[in-house]
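The values are calculated or read from the model by the stated rules, or taken from the named source; none is laboratory data. Just so we're clear, the structure is a prediction, and the values are computed from it rather than from any experiment. Don't worry about glycine lacking a Cβ; one is built from the backbone with ideal geometry, like all the others, and counts go over all protein chains shown. Keep in mind that these areas ignore ligands, DNA and RNA; they rest on the heavy atoms of the full protein, side chains included. Shrake-Rupley method; radii C 1.70, N 1.55, O 1.52, S 1.80 Å.
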Amino acid sequence: MGRRVVVTGAHPLAGELATGLRARGDEVVVIAPEAMGSVGVGCAFGSEAEVKAAVAEAATRLGGIDQVVH
C-alpha cells in the first residue's frame, strides 16, 4: 500500500509531482487555490480557517495523512 500524501500549491510542478506520486502507488490529494478535479481541494491559503478545512477534507478523503509536500 502506498502513502497518503497531500501536495500543496498551484504551480504546475505540484500537479506533476502528484501525477508521479500516484504512478508509484501513493494516494494523493492536491490542495490549491482552485481544486484540481476529483483529486483536489480548493483553498485560499491566506485564510487559516480554509487551510484547516482543506487539510481536514484531505485527511477524510485519504483516511489519514502520511506525508505533506509543499
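Provide the per residue accessible area, probe 1.4 Å, for the chain, rounded to a whole number of square angstrom. Mind dumping the intermediate values first?
Details: 4140 Å² over 70 residues.
Roughly 59 Å² per residue, with all protein chains present.
Taking 0.36 nm per residue of separation and subtracting the Cα-Cα distance, what length does fully extending His11 through Ala23 add?
Details: separation 12, 0.36 × 12 = 4.32 nm, distance 1.92 nm.
This chain segment gains 2.4 nm when fully extended.
Angle, helix 48-62 long axis vs. longest principal axis of the chain, Cα atoms, 0 to 90°, nearest 10?
30 degrees
Over the chain, what percent of the accessible surface lies on carbon and sulfur atoms, probe 1.4 Å?
On the way: 2400 of 4140 Å².
Of the solvent-accessible surface of the chain, carbon and sulfur hold 58 percent.
Mind putting a number on the dipole of segment 1-41 about its Cα centre? Charges go on the C-beta only, +1 for Lys and Arg and -1 for Asp and Glu, and I need it in Debye to the nearest 20.
Numbers: 4 positive and 4 negative charges, 34 e Å.
Computed charge dipole of segment 1-41: roughly 160 debye.
Any chance you could run the full-extension gain for Glu48 through Arg3? It's 0.36 nm times the residue separation minus the Cα-Cα distance, nm to one decimal. Kindly include the intermediate steps, with their values, before the conclusion.
Working: separation 45, 0.36 × 45 = 16.20 nm, distance 2.57 nm.
Full extension from Glu48 to Arg3 adds 13.6 nm.
Treating only the Cβ of Lys, Arg, Asp and Glu as charged (+1, +1, -1, -1), what charge dipole size does segment 24-68 show about its Cα centre? Round to the nearest 20 debye. Spell out each step's value before the answer.
Values: 3 positive and 7 negative charges, 11 e Å.
It comes to approximately 60 debye.
Using a 1.4 angstrom probe on the protein heavy atoms only, line up Ile65, Ile31 by accessible area, largest first. Can you show the working numbers first?
Details: Ile65 60, Ile31 5 Å².
The residues order as Ile65, Ile31, largest area first.
Identify which of the listed values of percent of Cα pairs over 20 Å apart was calculated from the structure shown: (i) 48; (ii) 18; (iii) 30.
From the options (i) 48; (ii) 18; (iii) 30, the structure gives (ii).
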